[in-house]
Amino acid sequence: MSGLEELSREELIALARALAGQVGALEKENGELRERVARLERLISRNSGNSGMPSSGDDLPGKPQPKAKPAKGGKGGKRRPGKQPGAPGTYLAWSYDPDERVEHFPAGRCGCGADLAQAVDLGVTARHQQIEVPLMTAATIQHDLHTVACECGKVHAAARPEGVPAAPVSLGVNLQAWCVYLMVAHAIPVHRCVELIASLTGAVPSAGFVHGMITRAAKAVEQANVRIRALLTLAYVVCCDETPIRVGAAKAKRYLLVACTDRYTWYMLGDRTLASFKRFVIADLSGVIVHDRYQNYDSPELGERDHQLCAAHLLRDLEDCAETYPGAAWPLQIQTALRGLIHAANLAREQGKDGMHAGTKAMWINSFRHGVRIGLSEIRRIPGPAKTVTQPIGRVLLEVLRDREADVLRFAHDLRIPPTNNQAERDVRPAKTQQKISGRLRSQTTTEHRYAIRGYLSTAAKHGADVMTAIRNALLGRAWMPPDPTPA
């Protein structure tokens, strides 16, 4: 404070005002830093248990692990490996019509010195069946097309067999089907596909030929995908989802959109813009859409329809609220009510009933509504326009639960509607697996072809068709077609 005594009253006032301005600036900066730290802490706290992040991100440095799920039996609530309670069992069944029988006799000599080959056969005393696959070796099959002359003088030439092109030497349709299957169904890169086929069969197709099979197969299943898309538009309920994928340039990010049921799968490569969603199948759907609350699904430009908001996403958002407000009871109450309704709906569906028990449904819905009201009373809305005011964590979620209760609980009133879009999550997972294995996809056109084939194969598998047969027949010009839906 040396020298302050020599300052005049006016100078001291000016100095105090300057210091007050600096303090105000520091307080403002400190407040901004606190908000920034809070945002960063919240960002770091996101994981697969309290947000839509994939579980693969839980292992990133600094990420907290998701909380353990409620115990469902067993010690500590941990799921045992192998078959789960209630899951259908599998076993190796005895075949009464084996493909091959191999007779085995004792060989060598008896202790008395006699040759056992001359011994009396007393019959079979033990039988053992083993399921085995033959060793695959590519065989070169030459097709000699003969020409014959009839007595009348006409000459007739033999036609090429199905699947044999006009080229002098070609790869058979079975090998072609293996190439498509390995690349599309199992995300095996082209050169590794060549190596794998060479190891398994001895045939060595070129990398260019193998890569070209994606385009050929996509063209072969084109009409099947047209039919799949048309049948989806007629479905009573459709699950939708989207996931980012890297296509083309190293930093180019697109989105793979999927619309599916337990019978059909259809993919489209696009982005998360409304223009892309207009090209998506959603605009033509007539049934209920199950989705993750992304805003484009609710756009009036896509038409009016019924929605089911994914309960799995809602439960994760509520888990975020439980972690943000550890002393609040409403997040757990709403979670418990949602899980109770899901369990009751699944149980009624398994028992072949048209709906869940009325008393059970009323109890859980009442608990759900009370939890929402309590949450709204504790997490107050901040007045102001949405673009400039950030609402407290959980406030917007609670308003969705209140204002869109019909879309949240639609599954509880109609058992045909699933509570989650897990079907879409499963159908979009191959794209995430592919990126882990191969990284980005080099061409947008090839990516579109890849998922056209994938949608065809997924739909065929859902109908119980053999995938390899579906590929082979498509390459022969006889693509598998989904049958007409059974009337409800």
### Task
Specify which residue in the list Phe280, Ala328, Ala159 is farthest towards the positive end of the charge dipole of the chain, using unit charges on the beta carbon of Lys, Arg (+1) and Asp, Glu (-1), about the Cα centre.
Ala328
### Whole-Hz ³J(HN,Hα) from phi, Karplus 6.51 cos²θ - 1.76 cosθ + 1.60, for the range 303-319, glycine and proline x
x, 8, 7, 7, 10, 10, 6, 4, 5, 5, 5, 5, 5, 5, 5, 5, 5
### Query
Considering amide H positions built from the backbone, and no H for Pro or chain starts, which residues 5 or more places from Tyr255, or on another chain, come under 5 Å of its amide H?
Ile245, Gly270, Asp271
### Task
Search the structure for amide H atoms under 5 Å from the amide H of Thr265, placed 1.01 Å from N in the peptide plane, and list their residues when 5 or more places away or on another chain.
Thr459
### Query
For the range 98-103, in order, what is each residue's ³J(HN,Hα) by Karplus, 6.51 cos²θ - 1.76 cosθ + 1.60 with θ = phi - 60°, in whole Hz (x at glycine and Pro)?
x, 5, 8, 10, 10, 8
### Query
Magnitude of the Cβ-charge dipole of the chain, K/R +1 and D/E -1, about the Cα centre, nearest 20 debye?
400 debye
### Directionally averaged shadow of the range 311-413, computed from the convex hull of its alpha-carbon atoms, nm²
6.8 nm²
### Task
Could you pull out every residue, at least 5 positions away or on a different chain, whose amide H is within less than 5 Å of the one on Gln391? Hs are placed 1.01 Å off N in the peptide plane, and Pro or chain starts have none.
none
### Query
Add -39500 (n - 2.57) for each DSSP H run of 4 or more in the chain, then divide by its residues: what number comes out at 222 nm, to the nearest 500 deg cm²/dmol?
-13500 deg cm²/dmol
#### Entry: Cα coordinate range in the chain, projected on the principal axes (Å, largest first)
128, 58, 58
### Message
Please give me, ordered by residue number, the trypsin sites (Lys or Arg not before Pro) of the range 139-239 that lie in loop per DSSP and have at most 16 other Cβ atoms within 10 Å.
### Response
Lys154
### Query
Hey, what do the phi angles of the range 132-139 turn into as Karplus ³J(HN,Hα) couplings, whole Hz, using 6.51/-1.76/1.60 and θ = phi - 60°, x for Gly and Pro?
9, 10, x, 5, 8, 9, 5, 10
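Read the figures in this text as sums done on the coordinates, not as results from a lab. Remember, predicted model here, so these are calculated numbers, not experimental data. All Cβ positions, even for glycine, are placed from backbone atoms using ideal geometry, and neighbour counts span all protein chains on display.
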